[in-house]
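Asks: Would you mind keeping the following structure in view while I ask a few things?
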Amino acid sequence: MEFSSKLLEQAVNEMAGLPGIGKRTALRLVLHLLRRPEEETTALTSALLRLRTEVKLCESCHNISDQLLCEICANPKRNHELICVVEDIRDVMAIENTGQFQGIYHVLGGKISPMDGVGPSQLKISTLVEKVRSGLVSELIFALSATMEGDTTNFYIYNQVKSFNLKTSTIARGISVGDQLEFADEVTLGRSILHRVPFEDSLRT
Ligand SMILES: [Zn+2]
């Protein structure tokens, strides 16, 4: 791609660095911004900049939050004894969209994947085990994707908590193996949480 302007080229290259954005799309977006009033670009860049500098991770569940505690953890109407364990923030959003879950979450920040060099210590597992140890948790629901890495992570956490007095369950799999939670439709995902099965049962299959 030949550019008539270094500034244009730089903006397109930055935009094209985003996932799913090719050079052509990047050029289209940049030209769109150029055609629009300058305030729109300012609003976009300042929103991104504020997000980058001001956003926090909830100190309890590690969800993205504007406060020390996210709105879900800070809500006294939620069932704080029921914790849904998920890989990332998109899963929280997907499950919240179902409107079927009244507990709280624990965001691991990924899953155990030796191939990618991700071990348990790089994930937020110890804070979860700590919550269980404190005796404030009655049930953990594993809602990780049904991949080998997801299963490994579930099993690792299960082994850490099984000696404590709590229920462990896994979401019912209307969702086929390898699907990501965020792509499951809301009805299926909502049902799979309501019809969750004891984790021990999932080990026998
Ligand atoms: Zn939280």
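Asks: Tally the residues that are more than 24 Å from Ala94 (Cα to Cα) and either surrounded by fewer than 16 Cβ atoms within 10 Å (Cβ to Cβ) or among the aromatic types (Phe, Trp, Tyr) (or both), restricting the search to the stretch 130-155.
Replies: Residues that pass the stated criteria total 5.
Asks: Return yes when Glu38 is closer than 23 Å to Val86 by Cα and outside the structural domain of Val129 (by TED's automatic domain parsing) and no when it is not.
Replies: No; evaluated as a whole, the condition is false for this residue.
Asks: Would you check if Asp66 is of a type outside the set (S, T, N, Q), more than 30 Å from Tyr156 (Cα to Cα) and either within 20 Å of the chain's Cα centre (by Cα) or within 14 Å of the ligand (Cβ to nearest atom) (or both)? Don't jump to the end; show me each part of the working.
Replies: Working: of a type outside the set (S, T, N, Q): yes; more than 30 Å from Tyr156 (Cα to Cα): yes; either within 20 Å of the chain's Cα centre (by Cα) or within 14 Å of the ligand (Cβ to nearest atom) (or both): yes.
Here the answer is yes, as Asp66 does meet what is asked.
Asks: Has the stretch 24-32 got any residue that is modelled with pLDDT of 95 or more and β-branched (Val, Ile, Thr)?
Replies: So far as the stretch 24-32 goes, yes, one or more of its residues are modelled with pLDDT of 95 or more and β-branched (Val, Ile, Thr).
Asks: (1) over 15 Å from the mean Cα position of the chain (by Cα); (2) within 16 Å of the ligand (Cβ to nearest atom); (3) not aromatic (Phe, Trp, Tyr): which one isn't true of Cys58, the others all being true?
Replies: (1)
The values are calculated or read from the model by the stated rules, or taken from the named source; none is laboratory data. Small disclaimer: the values here were computed from a predicted structure and weren't measured. We place every Cβ from the backbone using ideal geometry, glycine too, and count neighbours over all the protein chains shown.
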